[in-house]
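S.K.: Take this structure first; my questions come after.
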Amino acid sequence: MQEVAVIGCGVTKFGHHWEKDHEDLLVEATYEAINDANVELKDVEAVWCGTFYPSTGISGNVFSDTIKFFGKPITRVENYCATGMDNIRNAAFAVASGAYDLVIAAGVEKLMDAGSRGLPPIEGIFSVAMPVVSAPGMFAMAANRAFKEWGWTREDLALVAVKNHYNGARHPKAHFRKEVTVEKVLKAPMVAYPLGVFDCSAVSDGAAAVVLTRPEIAREIVGDDYAVIKGVGMAVETMHPWHRPSESFLSFPATVKAAKMAYKMAGIEDPRKELDFGIVHDCFTITELINYQDMQLCKPGEGAEMIRNGVTAIDGDFPINPDGGLKSFGHPIGASGVRMVAELTKQVLGKAEGLQVKDAEAGFAHNLGGPYSVATVAIVSRP
Amino acid sequence: MASIGDCSIYLPVWKLSRDEISKETGMPSLGGERAVAHWDEDSLTMAVEAARNFEGDFDAVIFASTSPPFRIKQCASFVASALDLGSNVFTMDITDSMRAATDALITANEFVDAGKFSRVLVVAADCIPTKPGTLYEQLYGDAAAAVVVEKEGGAKILGYNTSTRPLPGSWMLAKDDTVRDYDMRVDARFGYATSVQQAAMPLFAKLGLSPADIDRIVASAPDPRSYEGLLKAVGARPEEFYFSSIGIAGTAHPLILLVSQLEKTGRILLGGYGEGADVIAIEIEEAMESNIGRMLESRKEISYGDYLYNRGFVGIRDAPDRPSLTKFWRDEKSIIRFYGMKCRNCGTVSYPISRCCIECGAKDNYEEIKLGEKGRIYTFTIDYLVMPGNYTGDGVHPHCVAVVDMDGGGRVLFEITDTLRNFDGIECDADVERTFRLLFEKNNFRYYGWKARLPR
């Protein structure tokens, strides 16, 4: 694909922002991004803004009336937990097509205003008589099957939480900045068996924004201080995996397909060799292990080996979630995918202070949403 | 006269010890235990559970209950739908009296005898709401029983007769939440034995029988001692009354007693008591197998606190969603009749029925097929963020859900029921069977459908 340059990033601190509105968060992220990009708001030609829950807002007005940015095209994107990165995909392709030269892709979610433990329920998306399963419940079903098929254990899952919280403890914008131990993870209250509190990403508030343009324009504005998006894959699978007989619950087909697409766009054949690190959607610890496999970093069933052997630690052979992941940041849905691309950009530009992956030249980011039904994968590298 | 060709009962899995009730409420214990419906069971769901053991078709369904979940809305039509009967089936509810079940049996007998219908399902169920700490709480039990009335069958109905005697007894006003009474001793002393005998004597005369020609007498009663007293008065040996194992199951009780008697041959007298009595003489020529023994064996003990939870006296059931009633109605074939689809292109059996195949996407190229009764858990979770029935999680009563591969194909996400906080046996590859339940009560409506449980 035509490469797209990321010239500016803005990310708020993620967390329980009881005292702030989505307005505060989106203003902070957007202005941080345009200041980082060294551009003015008036030069931005179009905006994509991701938000999932109507409690945060719907339509392009979420962005327009927050920033008072009127009279230009703004699209609200919603695609489950992949909202943030699908938002970037749409913005990137608009720039790549030449339709616009300078755009913003932003995402914001104000979950704490929804008044719910766990993610707020959404009315009427599943069939009427179907039992409701919470987000942790959906992924817990993958864990129980993986335990059965591959002998994985709760201890394996706990290692993911320990690794990601170790990284997140060092990230100034993370929601949770404390390390945890395997023992603490295992003793935490159960959320959806076998996933305990520390196996789950938190419900948090946050916003993120990136400024996108084409590389030739980027060079004029920021010199070589930019990263490039080399591919964005995206796939939608069934939202009823529990009704599809071929579903294994041991792999998320949306991820597999989105990854293949993104790798192909970026000309990558062996991601483990050609990329240096990745940011995966660790909404739950089990998800991260299955993501290793679906992103082709290892063979099916070997995900737990990778965490046991420290391969994905920040100083390991292939660091995963050096930022601390959703485990440390929480998951304000519309914001997460945008934040991930901002994190990739910082890493490949060598600006990830305290969390810098050694020799990070190229990496991927991955979002997975719904009942594993929507996945996006972006490949970001130095120019 | 018609015959009874088949029989079945249903007991909820939970049994509450009366000593436990006594310990918690201070009421003297009546001993033994009573059957307690799970939170998602009512007289309608238990009726379906009792009736679905029968093979074959029916052309009429009579539902009898004093505790139908709806004041306006027929339950028999739900039963017919859950049993996947045709749209021409005749359905009726007989309600409001403890005599309703025997009235239903008499009605079915007349239908068949007159040649109006050939095979009538009579199903009685009760789940009578009682106030904690009252005698009724110990007296009653929740259960259902069903019999098939047809021209030819193993048990011939010889005749029947009725007496009518309005007495104070027990009652519920239209606005009442629980059953009440004035003085039960009036019923015991002046109502029960007199009513049964007043109905029985003319029947003996009509049939040319004397009490000595009767092998066994069973009759529902307001309390177990009244039944024993009646049998003593006529010089007969009391039969098993199931008070210590079930309790008095309202209008289902006479049918439970009948089912237990159908297991051996002989000439019996069946009484149904309430505002008088129905008495029916039945000649059992061929003993039938019933599931009563298996149902009694398959039991789990419930604490008084959990019983209060099941009854809705404890805990909060709250959820913001309002599932569409029109969708529920439109998807009846999948939700109530439990049909899935078999793709004519790729052969996949899937659930629910939808326009395009979930595996190959073939459009409008499938046949509707009824899915199996049993299946195996592919995977599951025990979800503390949701409470059974899709209510907001209370952190104490988790929602156990499982992906189940049905025998004969089709994969379905089920709520696992008959569990409270103990999930022993729920694991990948475990066998489960489906059971008809209340899914949830929302929009001020009760939504029914199928769940799964460990095999009973």
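The values are calculated or read from the model by the stated rules, or taken from the named source; none is laboratory data. Please read all numbers here as calculations on a predicted model, not as lab measurements. Neighbour counts run over all protein chains shown; Cβ positions are idealised from the backbone, glycine included.
S.K.: For region A:143-178, which residues satisfy the criterion of being aromatic (F, W, Y) and within 14 Å of chain B (Cβ to nearest Cβ)?
M.R.: Within region A:143-178, A:F147, A:W150, A:W152 meet the criteria.
S.K.: Exactly one of (1) free of Cβ contacts under 8 Å to residues at least 40 places away in the same chain; (2) facing another protein chain (nearest Cβ under 10 Å); (3) closer than 23 Å to B:I9 by Cα is unmet by B:L454. Its number?
M.R.: (2)
S.K.: Assess whether B:E297 counts as being closer than 30 Å to B:L11 by Cα, assigned by TED's automatic domain parsing to the domain that holds B:A144 and without any contact (Cβ under 8 Å) to a residue 24 or more places away in the chain.
M.R.: For B:E297, the condition - closer than 30 Å to B:L11 by Cα, assigned by TED's automatic domain parsing to the domain that holds B:A144 and without any contact (Cβ under 8 Å) to a residue 24 or more places away in the chain - is met.
S.K.: Another one. Condition first: part of a loop (DSSP other than H, G, I, E, B) and surrounded by fewer than 24 Cβ atoms within 10 Å (Cβ to Cβ). Now tell me which residues in region B:91-127 satisfy that.
M.R.: Passing the criteria: B:D96, B:S97, B:A114, B:G115, B:K116, B:F117, B:S118.
S.K.: Can you list the helices (runs of 4 or more DSSP H) lying wholly within region B:231-332 that have 2 or more residues being more than 14 Å from chain A (Cβ to nearest Cβ) and at pLDDT 95 or above?
M.R.: By residue number, B:253-261, B:292-297, B:304-310.
S.K.: Additional query: Just one of B:E415, B:E441 is crowded, with 23+ Cβ neighbours inside 10 Å, among the acidic types (D, E), outside the structural domain of B:A51 (by TED's automatic domain parsing) and within 16 Å of A:A129 (Cβ to Cβ); which is it?
M.R.: Unique residue meeting the criteria: B:E415.
One line per residue, one yes/no per condition, for (1) in contact with a helix residue (DSSP H, G or I) (Cβ under 8 Å, 6 or more places away or on another chain); (2) assigned by TED's automatic domain parsing to the domain that holds A:K178; (3) in a loop (DSSP other than H, G, I, E, B):
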{"site": "A:C298", "(1), (2), (3)": "yes, yes, yes"}
{"site": "A:G301", "(1), (2), (3)": "yes, yes, yes"}
{"site": "A:T312", "(1), (2), (3)": "yes, yes, yes"}
{"site": "A:L326", "(1), (2), (3)": "yes, yes, no"}
{"site": "A:G337", "(1), (2), (3)": "yes, yes, no"}
{"site": "A:V341", "(1), (2), (3)": "yes, yes, no"}
{"site": "A:E353", "(1), (2), (3)": "no, yes, yes"}
{"site": "A:D359", "(1), (2), (3)": "no, yes, yes"}
{"site": "A:F364", "(1), (2), (3)": "yes, yes, no"}
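S.K.: Which of the following residues is modelled with pLDDT under 95 and either under 16 Å from A:H243 (Cα atoms) or not charged (D, E, K, R) (or both): B:G449, B:G408, B:G425, B:G389?
M.R.: After ruling out the rest, the residue left standing is B:G389.
S.K.: Exactly one condition in (1) buried (at least 24 other Cβ atoms within 10 Å of the Cβ); (2) in a loop (DSSP other than H, G, I, E, B) is false for A:F318; which is it?
M.R.: A:F318 satisfies every listed condition except (1).
S.K.: Another question, then. Which of the residues belonging to region A:103-141 are among the aliphatic types (A, V, I, L, M), more than 7 Å from chain B (Cβ to nearest Cβ) and either more than 20 Å from B:G449 (Cβ to Cβ) or under 22 Å from the mean Cα position of the chain (by Cα) (or both)?
M.R.: Passing the criteria: A:V103, A:I104, A:A105, A:A106, A:V108, A:L111, A:M112, A:A114, A:L119, A:I122, A:A135, A:M138.
S.K.: Only one of (1) under 12 Å from the mean Cα position of the chain (by Cα); (2) among the aromatic types (F, W, Y); (3) closer than 20 Å to B:I335 by Cα is not met by B:F63, so which one is it?
M.R.: Of (1) under 12 Å from the mean Cα position of the chain (by Cα); (2) among the aromatic types (F, W, Y); (3) closer than 20 Å to B:I335 by Cα, only one is false for B:F63: (3).
S.K.: Return a yes/no flag: does region B:356-367 have any residue that is in contact (Cβ under 8 Å) with a residue 40 or more places away in the chain and assigned to a loop (DSSP other than H, G, I, E, B).
M.R.: No: zero hits.
S.K.: Return yes when A:T75 is among the β-branched types (V, I, T) and touching a residue at least 40 places away in the same chain (Cβ under 8 Å) and no when it is not.
M.R.: no
S.K.: Might you check whether a residue that is at the interface with chain A (Cβ under 7 Å from one of its Cβ atoms) and farther than 22 Å from B:E41 by Cβ occurs anywhere in region B:407-414?
M.R.: So far as region B:407-414 goes, yes, one or more of its residues are at the interface with chain A (Cβ under 7 Å from one of its Cβ atoms) and farther than 22 Å from B:E41 by Cβ.
S.K.: Would you pick out the residues in region B:168-184 that are more than 17 Å from B:E275 (Cβ to Cβ) and either among the charged types (D, E, K, R) or touching a strand residue (DSSP E or B) at 6+ places or on another chain (Cβ under 8 Å) (or both)?
M.R.: B:K175, B:D176, B:D177
S.K.: Look at B:F70 and say whether it is under 29 Å from B:Q261 (Cβ atoms), of a type in the set (F, W, Y) and not assigned by TED's automatic domain parsing to the domain that holds B:Y391.
M.R.: no
S.K.: Go through region B:55-87 and count every residue that is farther than 22 Å from B:S118 by Cβ, part of a loop (DSSP other than H, G, I, E, B) and among the aromatic types (F, W, Y).
M.R.: 1
S.K.: Taking B:E49 as meeting all but one of (1) touching a Phe, Trp or Tyr at 6+ places or on another chain (Cβ under 6 Å); (2) in a strand (DSSP E or B), write down the number of the exception.
M.R.: Condition (2) is where B:E49 drops out.
S.K.: Next question. Please go through region A:120-134 and give me each residue that is of a type outside the set (G, A, S) and either under 19 Å from B:R337 (Cβ atoms) or in contact with a strand residue (DSSP E or B) (Cβ under 6 Å, 6 or more places away or on another chain) (or both), ordered by number.
M.R.: If the condition is that a residue be of a type outside the set (G, A, S) and either under 19 Å from B:R337 (Cβ atoms) or in contact with a strand residue (DSSP E or B) (Cβ under 6 Å, 6 or more places away or on another chain) (or both), then A:V128, A:M130, A:P131, A:V132, A:V133 are the ones that fit.
S.K.: Please list, ordered by first then second residue, the pairs with beta carbon atoms under 6 Å, 6 or more apart or interchain, first in region B:163-182 and loosely packed, with under 14 Cβ neighbours inside 10 Å, second of a type in the set (D, E) and assigned to a loop (DSSP other than H, G, I, E, B).
M.R.: B:P166/B:E275
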